[in-house]
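One structure is given here, and the rest of the page talks about it.
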Amino acid sequence: MIVHKMSLDDIGKAIYQLVAIHTSLEDYRLAYFINQNLPINLKKSHSNIQICSKEGETQLSRYEYQDEKKNVLWNLVQNKSSIANLSQTNSQDLFANSNSKFSSKIYLLPEFKKVDYFLKIENEVDDVNITTIINLINKIERVSIVYNVEIQTIKSKNNLIF
């Protein structure tokens, strides 16, 4: 019988890198341009990321690519989504029994509300040059800012488990 031992240091160690992308592009267009600039082939995932909060429930789009030669998994994930909520007011004034619609935003990582997309690069060895990836993504025309996110600064790391 084989016994695998894990220490607490192994659990806390991040085996992924996270790149934040600020852009006005739609998710499918951003995935296309990333495929053009990087040697990867992101495809729409069949399983979107389900987010539940007190405002409601939504799905965030996800594109993925598995590089089998280098054992690297790439995920392009939408950070924010809007939910339309309907509220009814029952009062005795001019606007009695009126329905009002408002929207609220739900975030994958709420501490990064300005970020539109995250590129999560999962690898066990450091074969991926994150600086080169950032420079190549930054060349996309409608991408305004791209930067590496320090994993230690993320408060809601559990949302990145997918």
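The values are calculated or read from the model by the stated rules, or taken from the named source; none is laboratory data. Worth saying up front: this structure is predicted, and the values here are computed from it rather than measured. A quick note on method: Cβ atoms are made from the backbone with ideal geometry, for glycine too, and the neighbour counts reach across all protein chains shown. The area values use the complete protein model at the heavy-atom level, side chains included, leaving out ligands, DNA and RNA. Shrake-Rupley method; radii C 1.70, N 1.55, O 1.52, S 1.80 Å.
Every listed requirement among (1) open to solvent by less than 70 Å² (accessible area, probe 1.4 Å); (2) over 19 Å from residue 63 (Cα atoms); (3) modelled with pLDDT under 85 is met by residue 154 save one, (3). When the range 131-150 is filtered for residues that are assigned to a helix (DSSP H, G or I), β-branched (Val, Ile, Thr) and surrounded by 15 or more Cβ atoms within 10 Å (Cβ to Cβ), the ones remaining, listed by number, are 133, 134, 137.
Take residue 120 and tell me if it is modelled with pLDDT of 85 or more and not in a strand (DSSP E or B).
no
Only one entry in 104, 100 is modelled with pLDDT under 90 and surrounded by 11 or more Cβ atoms within 10 Å (Cβ to Cβ), namely 104. Note on the range 56-74: residues that are more than 21 Å from residue 105 (Cβ to Cβ) and either free of Cβ contacts under 8 Å to residues at least 12 places away in the same chain or assigned to a strand (DSSP E or B) (or both) total 9.
Return yes when residue 15 is β-branched (Val, Ile, Thr), open to solvent by 60 Å² or more (accessible area, probe 1.4 Å) and at pLDDT 75 or above and no when it is not. Before the answer, list the steps.
Details: β-branched (Val, Ile, Thr): yes; open to solvent by 60 Å² or more (accessible area, probe 1.4 Å): yes; at pLDDT 75 or above: yes.
Against the criterion (β-branched (Val, Ile, Thr), open to solvent by 60 Å² or more (accessible area, probe 1.4 Å) and at pLDDT 75 or above), residue 15 qualifies.
The residue that is modelled with the lowest pLDDT, among those in the range 38-53 that are in a loop (DSSP other than H, G, I, E, B) and within 21 Å of residue 161 (Cβ to Cβ), is 53.
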